[in-house]
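Undergrad: Just passing along the structure, written as structure tokens.
The values are calculated or read from the model by the stated rules, or taken from the named source; none is laboratory data. What you see is a predicted model, and the numbers here were worked out from it, not measured in a lab. Methodologically, a virtual Cβ is constructed for each residue, glycine included, from the backbone with ideal geometry; neighbour enumeration extends over all protein chains shown.
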Amino acid sequence: MDVVLDQPPAYLLSRRRIPPSPDLRPDRVGRMHWYSVDSAANFRKRPHASIGPQDVEYHINSDGYRCPELAGRDWAADPSFRLVGIGSSGLFGAALPEPDTFLAVLARDLAATLGRPVTHWNLGVGGSSPDLVTRLLCSVLPVMRPHLLVLTAFPINRRELFGETGRPFTVDARPHWQHRLLDPERSAMHRAARTICNPANNLMNLLVNIKTWESFCDDAGVPWLFVTEAYTRHLEPLLGLLREPRRIVGPGIHALIDAHRDEPSTGLARDFIHAGRLPNRLIAGQLLDALTALYPAQVAAWRQPDQTMGAATA
């Protein structure tokens, strides 16, 4: 049953198309070499040893996502195996060539395991919260009909709040002085988050979201895995409340960044903030191991192409 609202923000829960990214801006669409904190100015201050100024290309579609265009596709008739990622900047692959992002590496590894092509769709949004993952699942499951979902988020203190016109904001209860001048509505949302964000609320908000993912994905029969942008230990109080705790794949993106920070040429991305090539390869390996351990029947079925899931096209 379609969600029907009598206000313009109904697009945020569309069951007919994927809502645009909260990061969508006219200057952030198309092909570019720099994006957000991965800037030319910062690179001049601190060049990366193995990723140069022309080595990272961001291809941002008209909805603000780092993947091919979504609108106008007949997903029901698409014969490809679809791997869809929803989440944060770690999944987006900030400051990293797209083929080195863990979603792209996982797609290649999964294709080799299955003996068939795999297409991947990156719906990563820098700074996103568990709330955004839940909202996008409302659209991704009925529209894109994924065969496998990989979810990420920074779970500690981020929320998705909405302005009076339905504009989504990712907020972390830390208003910035720049927002007061350039984006007063965003500043107001950060101040609002400050009134609700505390350790207990953060944990409960995460639990509500993860239990919703369980319900949405399991009821749709879609295998899913989650990698936290922070540290898996932050989720330990919740594991006993989950249907299958092993779907939380650890140790987390920040933990791998910390483990390889002393090897910046492979351990860090070009902005020296996000995970580099090596952590992304490790995450892809962890996800594939978890997938084969938790979903052996689905993996076996995926190795047998049928009329509904034939060879993919790039």
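Undergrad: Grab the strands (runs of 3 or more DSSP E) fully contained in segment 17-99, keeping just those with 1 or more residues being under 15 Å from His120 (Cβ atoms) and over 15 Å from the mean Cα position of the chain (by Cα).
TA: 58-60, 81-87
Undergrad: Continuing with this model, one more query. Looking only at segment 130-169, which residues are farther than 19 Å from Leu103 by Cβ and among the small types (Gly, Ala, Ser)?
TA: Gly163, Gly166
Undergrad: Related question: Give Gln7, Gln54 a once-over and let me know the one that is at pLDDT below 95 and either in contact with a Cys (Cβ under 8 Å, 6 or more places away or on another chain) or of a type outside the set (Phe, Trp, Tyr) (or both).
TA: Result: Gln7 is the single residue among Gln7, Gln54 that is at pLDDT below 95 and either in contact with a Cys (Cβ under 8 Å, 6 or more places away or on another chain) or of a type outside the set (Phe, Trp, Tyr) (or both).
Undergrad: Here are Ala112, Ala76: which of them is farther than 30 Å from Ile156 by Cα, surrounded by fewer than 17 Cβ atoms within 10 Å (Cβ to Cβ) and modelled with pLDDT under 95?
TA: One residue alone meets the criteria, Ala76.
Undergrad: Still on this model: Please work out which residue is surrounded by the fewest Cβ atoms within 10 Å (Cβ to Cβ), limiting yourself to segment 160-210 and to residues that are among the charged types (D, E, K, R) and over 27 Å from Ser14 (Cβ atoms).
TA: Arg174
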